[in-house]
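First the structure, in the form of structure tokens, and then the observations on it.
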Amino acid sequence: MGAPSARRGSSDVVEVTDGVNQARAWCCLVRKGGVDAPVIPAWCDEGGEALGWQPTHWRIADPLSGLCERFEVE
């Protein structure tokens, strides 16, 4: 679905879940669609591919400052 826009460190990887799925992921920027498509924040797996589902919780630490803020649950 897209490639990450920046390198990540091991501290950027967190365990995320939506209550059904679970993955080790990090917050990255992806471009869905063609060259003219906007770049949007998304959760990516450790291989750099965007997850096909939207996490609602994370277990280890906060994601990269603010990029995936819309996925937070209060």
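Throughout, read-outs are computed from the coordinates displayed, never taken from laboratory work. None of these values were measured; they are calculated from a predicted model. Virtual Cβ from ideal backbone geometry, glycine too; neighbours counted across all protein chains shown.
Put in order of Cβ neighbour count within 10 Å, fewest first, the listed residues ARG24, ARG31 become ARG24, ARG31. Residue exposure proxy: THR56, THR17, ordered by other Cβ atoms within 10 angstrom of their Cβ from fewest to most, comes out as THR56, THR17.
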